[in-house]
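K.L.:
Here it is, the structure, as structure tokens.
The values are calculated or read from the model by the stated rules, or taken from the named source; none is laboratory data. Quick caveat, the model's predicted, so the values are computed rather than measured. Note that each Cβ is placed from the backbone with ideal geometry, even for glycine, and that neighbours are counted across all protein chains shown.
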Amino acid sequence: MKATFGAGCFWHVEDLLSKTKGVTSTAVGYIGGQLPNPTYEEVCTDQTGHAEAVEVEFNPDEISYQELLDVFWKNHNPTTLNRQGPDVGNQYRSAIFYHDEQQKEIAEKSKESLDSSKAFDDPIVTQIVPAPEFYKAEDYHQKYFKKQGF
């Protein structure tokens, strides 16, 4: 099965998810913008509308979509609009790109539950939107942390 998340700079998110039991593969890329086949430089202009994201293939017998969402929520700040830490721009937005109605429902319930429980001091601004085409990022971005020896 497939899941796609935007949670700031894709290097950290990809590294974290690639080490998650049940995840069989990860790829970093761009999603949710207007320009087909964008480059990193184009996305960094904050003009294409794309988010940096990680596309995950996972085995639902080993990890559920809800468990992937738990990893997503716990490892970035979903209350900051178009920002994660020092990274600012709509390409760093918090977003869940769902691949079917079941993922949409699970994601919306998960977000509602966290918001109502006041798990965060501020309201969650994470977008939950259908997954449009995912454009794989340049090779040097793939498994970046691993390549750098982190």
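K.L.:
From Thr26, Thr39, grab the single residue that is surrounded by 19 or more Cβ atoms within 10 Å (Cβ to Cβ) and either closer than 20 Å to Tyr144 by Cβ or of a type in the set (Asp, Glu) (or both). Quick ask: steps written out before the conclusion?
P.N.:
Details: Thr39 fails: surrounded by 19 or more Cβ atoms within 10 Å (Cβ to Cβ).
Selected residue: Thr26, the only one of Thr26, Thr39 that is surrounded by 19 or more Cβ atoms within 10 Å (Cβ to Cβ) and either closer than 20 Å to Tyr144 by Cβ or of a type in the set (Asp, Glu) (or both).
K.L.:
Here are some conditions: (1) in contact (Cβ under 8 Å) with a residue 12 or more places away in the chain; (2) more than 17 Å from Thr4 (Cα to Cα). Gln102 meets all but one. Which one does it not meet?
P.N.:
Unmet for Gln102, out of (1) in contact (Cβ under 8 Å) with a residue 12 or more places away in the chain; (2) more than 17 Å from Thr4 (Cα to Cα): (2).
K.L.:
Let me ask something additional. Filter the stretch 116-150 for residues that are exposed (fewer than 13 other Cβ atoms within 10 Å of the Cβ), small (Gly, Ala, Ser) and modelled with pLDDT of 95 or more and give the result.
P.N.:
Those that are exposed (fewer than 13 other Cβ atoms within 10 Å of the Cβ), small (Gly, Ala, Ser) and modelled with pLDDT of 95 or more: Ser116, Ser117.
K.L.:
Same structure again: Which residue pairs have Cβ atoms closer than 6 Å, lie 6 or more positions apart in sequence or on different chains, and pair a first residue in the stretch 1-18 that is touching a residue at least 60 places away in the same chain (Cβ under 8 Å) and surrounded by fewer than 24 Cβ atoms within 10 Å (Cβ to Cβ) with a second residue that is among the small types (Gly, Ala, Ser) and in a strand (DSSP E or B)?
P.N.:
If the second residue must be among the small types (Gly, Ala, Ser) and in a strand (DSSP E or B), the pairs left are Thr4/Ala53.
K.L.:
A further question follows. Looking only at the stretch 60-75, count every residue that is surrounded by fewer than 19 Cβ atoms within 10 Å (Cβ to Cβ) and touching a Gly at 6+ places or on another chain (Cβ under 7 Å) and tell me the total.
P.N.:
Counting residues in the stretch 60-75 that are surrounded by fewer than 19 Cβ atoms within 10 Å (Cβ to Cβ) and touching a Gly at 6+ places or on another chain (Cβ under 7 Å) gives 1.
K.L.:
Separate question: Just checking, how many residues over the stretch 28-59 are modelled with pLDDT of 95 or more and either in contact with a Gly (Cβ under 8 Å, 6 or more places away or on another chain) or under 15 Å from Ile96 (Cα atoms) (or both)?
P.N.:
22
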